[in-house]
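Before any comments, here is the structure.
Where a number appears in this text, it was derived from the coordinates with a stated rule and is not lab data. If you're wondering where the values come from, they're calculated on a predicted model, not measured in any experiment. When we count neighbours, we look across all protein chains shown, and the Cβ atoms used for this are built from the backbone with ideal geometry, even at glycine.
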């Protein structure tokens, strides 16, 4: 694994665990109410495989985590986040860079579009992934912080969108004003990764158990 991969995994999974109540409340407003618990279940399952992941390359770890999501996260989130991670694991170059990540993320967006028949602008996690992908493709200085801000802003923007897919689509105008739970989860994960990338090396845990 790359030196910072353990911290990426730890931060990304822990942020979902720490925000379980928030994600549950968001999903109670427009969904089944189980998104937070489902995401926590997947995060805990991944944390339970940290020793196995420590011996894998980043691409292998992404695929392992994706398959874990598919087998442990209930509802539509399992296949969605599983497909996202598995596709990134297949497409991400080694070593990864912003341009390579942008290409891999574009492939993941296409895979998710095929999976859920959803499009950007329909109040799904695609509304976070798409602007993040375009920002990564553009490159530039301070990219981690700009990507983090972009992800959270994009998730917040889903509150003003009509829900076209999922249970929220049955609510009509009642879904307006509510942030999409999957978009918020995606932003939390991206934000945690960006914080890890921005953290000084001395501040990063030296092992997966830290």
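Which order do 81, 152 fall in if you start with the one that has the fewest other Cβ atoms within 10 Å?
Numbers: 81 26, 152 17.
Least crowded to most crowded, the residues run 152, 81.
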Check: Most mobile of 103, 148, 114 per a Gaussian network model of the chain (Cα springs, under 10 Å)?
Finding: 114
Next item on the list: Compute the distance in nm between two label points, each set 7 Å from the Cα along the Cα-to-Cβ direction, one at residue 107 and one at residue 25.
Entry: 3.9 nm
Notebook entry, point to check: Given springs between every Cα pair under 10 Å in a Gaussian network model of the chain, which of 25, 12, 104 has the largest fluctuation?
Noted result: 25
Check: Which of 126, 88, 44 moves the most in a Gaussian network model of the chain with Cα springs under 10 Å?
Finding: 44
Checklist line | Relative exposure of 69, 150, judged by other C-beta atoms within 10 Å (fewest first) | finding: 150, 69
Notebook entry, point to check: For the Cα atoms of the chain, what angle does the longest principal axis make with the long axis of helix 143-157, in degrees from 0 to 90, nearest 10?
Noted result: 20 degrees
Check: Can you sort 76, 183, 71 so the residue with the fewest Cβ neighbours within 10 Å comes first?
Finding: 71, 76, 183
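Translational diffusion coefficient of the chain at 25 °C, 0.890 mPa s, Stokes-Einstein with Kirkwood Rh over Cα pairs, in µm²/s as a whole number. Provide the component values of the computation, followed by the final result.
Values: Rh = 17.0 Å.
Calculated translational D: 144 µm²/s.
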Note to self: To test your reading of the geometry: what angle, between 0 and 90 degrees and rounded to tens, separates the Cα axis of helix 20-30 from the longest principal axis of the chain?
What the structure shows: 30 degrees
Notebook entry, point to check: If you line up the long axis of helix 126-138 against the longest principal axis of the chain, both from Cα atoms, how many degrees apart are they, to the nearest 10?
Noted result: 40 degrees
